[in-house]
C-alpha cells in the first residue's frame, strides 16, 4: 500500500505495512505527534479534512483536551505504540466540536504503556460542497502544569504557543 510511504515495510505474508517508529495508520502515512512533558500547547490550522495521530508514552495521570472547531471524530487506544484509527480502538467519540477533555485515570488509561489518540477533522460541508478552514487544539496536563508536544507534523500550518 503506497510502499508504506517510505516509513515502513510491507509484510509479505499479511500484505500489511509494519510502520517505523513514529509513524502510524495502515500505510504508515501519519507522523505521530509525541505528547511530552516539556511545556507548550499545539494548535493545527488546516484547509480541508485531515487525520492526526498523537501518543503519550508516560505513566503519569494526565488530562488531555482536544479542541476542534468543526465536527471531528476522536479514537483512543490504551498503549502509545498502538494505532487508534477507525478500525481498532478502545473508545471513540463522534462529532466532537469544541473542547473535549478526558482524564486518563477516569478512563483506565494510566499505565506504563501510555495511550494513543487519532483525530479525524471533518472540515467539509458536504451539503454545500465546500472545503472548510479548521483548527485543532491539543493540550495535555499532568498535575497542575500544562504540557504539550511537538515532534513533527504534516499539516498546512502549525502554530506552537507556549
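The values are calculated or read from the model by the stated rules, or taken from the named source; none is laboratory data. Everything quoted here is computed from the prediction, not taken from an experiment. Here Cβ is always computed from backbone atoms with ideal geometry, including for glycine, and neighbour counts include all displayed protein chains.
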For the structure I just gave you, tell me whether residue 80 is at pLDDT below 95, under 15 Å from the mean Cα position of the chain (by Cα) and part of a loop (DSSP other than H, G, I, E, B). yes
What is the residue count in the range 32-42 for residues that are touching a strand residue (DSSP E or B) at 6+ places or on another chain (Cβ under 6 Å) and either under 28 Å from residue 130 (Cβ atoms) or part of a strand (DSSP E or B) (or both)? 5
Restricting attention to the range 52-76, report how many residues are part of a loop (DSSP other than H, G, I, E, B) and buried (at least 22 other Cβ atoms within 10 Å of the Cβ). 1
Test of understanding: among 45, 27, which residue is closer than 28 Å to residue 124 by Cβ, touching a strand residue (DSSP E or B) at 6+ places or on another chain (Cβ under 9 Å) and not in a loop (DSSP other than H, G, I, E, B)? 45
By residue number, the members of the range 103-124 that are within 13 Å of residue 47 (Cβ to Cβ) and free of Cβ contacts under 8 Å to residues at least 12 places away in the same chain are none
Selected residue (only one of 89, 120 is touching a strand residue (DSSP E or B) at 6+ places or on another chain (Cβ under 8 Å), part of a loop (DSSP other than H, G, I, E, B) and buried (at least 16 other Cβ atoms within 10 Å of the Cβ)): 89
Out of curiosity, is residue 100 more than 16 Å from residue 22 (Cα to Cα), touching a strand residue (DSSP E or B) at 6+ places or on another chain (Cβ under 9 Å), surrounded by 19 or more Cβ atoms within 10 Å (Cβ to Cβ) and touching a residue at least 12 places away in the same chain (Cβ under 8 Å)? no
What are the residues in the range 17-46 that are exposed (fewer than 15 other Cβ atoms within 10 Å of the Cβ) and under 22 Å from residue 89 (Cβ atoms), if any? 18, 20, 21
